[in-house]
Amino acid sequence: MKANRMEAFSDGVLAIIITIMVLEFKVPEGHDWHALIELGPKILSYIFSFIYVGIYWNNHHHLLHMIRTMNGRLMWLNLILLFWLSLIPFTTAWMGESHFAPTPMALYGIILLLAAISYRLLQIAIISQHSGDSAFVKTMGKDWKVKISPFLYLLAILTAYVGPWVSGFFYVLVAAIWVVPEKRIEHILRGQS
């Protein structure tokens, strides 16, 4: 069995996540720019989460192309990742409504941390299918992004109560690290074709 069905299902879930986030916007009661400016925190939290979901979609797409054979373990690990990502609309709305209060900021980080751990577990399961290819395992084992992201999320969670903008800095930093898709996977796939 190929990973196509799992990828299609994941794409659908991620599209629904983005749709739910945008449906959180209510039309402002006023009819001037000030009414729109009042939505600033909601718009900012939406943009932020849209970028995060886009990053996961892009890197998830690359990662699934490395699957040799589908199995139940991979499907469940993928579902766990999608579960954590499906909570992003809730935390996004709460951050925007609260104007980036500490607890919603911390919860946002907890959700992102659990999604990052789930992504790593899925990555490890896929890498284990390539155990006979030491060059592949060595190349994929050098994934510094996956290793540093949980640490930065922990810093973001802890600093949410120091200041939401400090916490936000760490979220932006992780997004900046991941915004460029994983080039190693592209190189491996080119070598296989």
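The values are calculated or read from the model by the stated rules, or taken from the named source; none is laboratory data. Since the structure is predicted, the reported quantities are computational estimates derived from the model, not experimental observations. Cβ: placed from backbone, ideal geometry, glycine included. Neighbour counts: every protein chain shown. Calculation scope for accessible area: heavy atoms of the full protein, side chains included, ligands and nucleic acids excluded. Shrake-Rupley method; radii C 1.70, N 1.55, O 1.52, S 1.80 Å.
Miscellaneous remarks
- Taken about its Cα centre, the chain carries a charge dipole of roughly 940 debye when the Cβ of each Lys and Arg holds +1 and the Cβ of each Asp and Glu holds -1.
- In the context of the full protein assembly, H61 retains an accessible surface of approximately 70 Å², using a probe radius of 1.4 Å and ignoring ligands and nucleic acids.
- Relative contact order of segment 1-119, pairs being alpha-carbon contacts under 8 Å that are 6 or more residues apart, as %: 38
- Placing pseudo-labels 7 Å out from each Cα toward the beta carbon at L36 and I124 gives an inter-label distance of 4.8 nm.
- Inter-label distance, F9 to H99: 4.3 nm, where each label sits 7 Å from its Cα along the C-beta direction.
- Cα coordinate range in the chain, projected on the principal axes (Å, largest first): 61, 33, 27
- Accessible heavy-atom area order of K147, K42, highest first, probe of 1.4 Å: K147, K42
- Just checking the listed ones, G163, G72, G40: in the Gaussian network model of the chain with Cα springs under 10 Å, the one fluctuating most is G72.
- Residue of H99, H34, H62 that the Gaussian network model of the chain assigns the largest fluctuation, springs spanning Cα pairs under 10 Å: H34
- Computed E for V166/H65 - FRET, C-beta separation, R0 30 angstrom, nearest 0.05: 0.20
- On the chain, 71 percent of the accessible area sits on carbon and sulfur atoms, based on a 1.4 Å probe.
- Sorting W178, W165 by solvent-accessible area of protein heavy atoms yields W165, W178, largest first, with a 1.4 Å probe.
- Per-residue [θ]222 nm for the chain (sum of -39500 (n - 2.57) over DSSP H runs n ≥ 4, rounded to 500): -26000 deg cm²/dmol
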